[in-house]
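Trainee: What follows is a single structure, and I will ask about it in a moment.
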Amino acid sequence: MNHRLISRLVFIFSLSFFSFFLLQPVAASSSETYEVSSSILNVRSEPSSNSEIVAQLVKGDELVVFQEKYGWVQTYFDGEEVWVAKHHLVQQAFTSSEVSTTETSNTPKKVTVTSESIFVRSGPGTNYEPIGSAVSGDNLEVTDEAEEWYQIRLNGSEKGWIASWLTEQVTQTAQTTQASPNYNTVPSNSKGLEGYNIVVDPGHGGTDPGAIGFNGIQEKDVVLPTSTKVIDHLRDAGANVIVTRSGDYDVHLDDRARISNSYYTDAYISLHYDSSFDISANGITTYFADMVDKELGDSIQSAMISQVDLQDRGVRQANYKVLMNTKAPSVLLELGFISNPHDLSVVQTASYQNDIAQGITNGLIHYFE
């Protein structure tokens, strides 16, 4: 059964249950229609990245949501309750009347910036050069879409790209009542990282190569470009990012913790790639030292696994020195095995590094909600 057929079945069963629940006002009042914004979205049996995958949706598929829990939303498949990660969905804002929908179908799509400030980039990705900026409340016309990025108009005919997850779609009704291209009210459900200090710690560097992977690849050489994308995503989400190293040089473990402790740090994220003598070892692991940091680890691990396709190795406790010596909530992320040929071929790509950066950002946003 192909993905499109599966997604249609999900939608049909969801609509069937929705129609049934219309006879029960309490249940029906909480149901909403959403559209999938990611290229592929796993449908799971429980609201957890560790639960069984029962189907998959693709970008543009619609589903009816009945409740939300822990950043996951519930719908139905084959008469059974299933769950998907909410941050891969965009709420639909169509009017209840078919005539009204037809009348507004030619209205340009507009979005409102929900982060305090974001970059406008030359292309759809954090690896493209910033060519401008937008601030919270800016109302922008969308001219094109690519993956999770919107192309928008800047001034006149000039165009640029913004991250869709840092915006909120303006409803058709709201668009017809706008007197100005900007309105300066921050939406109540803004999910940015404004006001948060996040320390990003790219592991190893300099004379310390870290793990040695397949074909002699060094961990430090994969960590650094990944950290650049994580930093860009976090800053696009409004965070103030402090970096322990920005190049290939040595930074002592004590100094990494000292850098974090010298700020009012809200979260410390240490980035690494794993290696093993067992070439089959693969996947992503999140480590924490203190049990009070497990919630941060759970949130980031879940968001990363929802974003990429590598194996979920879970959240584990370990007494890593940088975690033990850091006062802020802290985690160490092993983002794949460079000793595994498949993992290595994936984690070296810009698309994976962008996706994992978005997952880390989403996990932090959910943690601070």
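Trainee: In region 191-259, carbon and sulfur make up what percent of the accessible area (probe 1.4 Å)?
Mentor: C and S atoms contribute 50 percent here.
Trainee: Please turn the phi angles of region 254-267 into ³J(HN,Hα) values with the Karplus equation 6.51 cos²θ - 1.76 cosθ + 1.60 (θ = phi - 60°), one per residue in order, whole Hz, x for glycine and proline.
Mentor: My calculation for region 254-267 gives 5, 5, 4, 5, 5, 4, 5, 6, 7, 10, 7, 7, 8, 7 Hz in order.
Trainee: Label region 296-369 by shape, choosing from rounded, prolate and oblate, from the square roots a ≥ b ≥ c of the eigenvalues of the Cα gyration tensor; if a/c is under 1.5 it is rounded, and otherwise prolate applies when a/b is larger than b/c, oblate when it is not.
Mentor: Taking the square roots of the gyration eigenvalues as a ≥ b ≥ c, region 296-369 is oblate.
Trainee: Using the heavy atoms of the protein chains alone and a 1.4 angstrom probe, what is the accessible area of region 251-369 per residue in square angstrom?
Mentor: For region 251-369, the per-residue accessible area is 40 Å².
Trainee: Of LYS69/LYS321; LYS69/LYS294; LYS86/LYS294, which ones are farther than 24 Å apart at the Cα?
Mentor: LYS69/LYS321
Trainee: Among the aspartates and glutamates, which fall within straight-line cross-link reach of LYS327, defined as a Cα-Cα distance under 16 Å, with same-chain neighbours fewer than 8 residues apart omitted?
Mentor: Leaving aside aspartates and glutamates fewer than 8 places away in the same chain, those within reach of LYS327 are ASP201, ASP254, ASP255, ASP266, ASP290, ASP293, GLU295.
The values are calculated or read from the model by the stated rules, or taken from the named source; none is laboratory data. For clarity, every value in this text was computed on a predicted model and none was experimentally measured. Accessible surface is based on the protein model in full, side chains and every heavy atom, while ligands, DNA and RNA are left aside. Shrake-Rupley method; radii C 1.70, N 1.55, O 1.52, S 1.80 Å.
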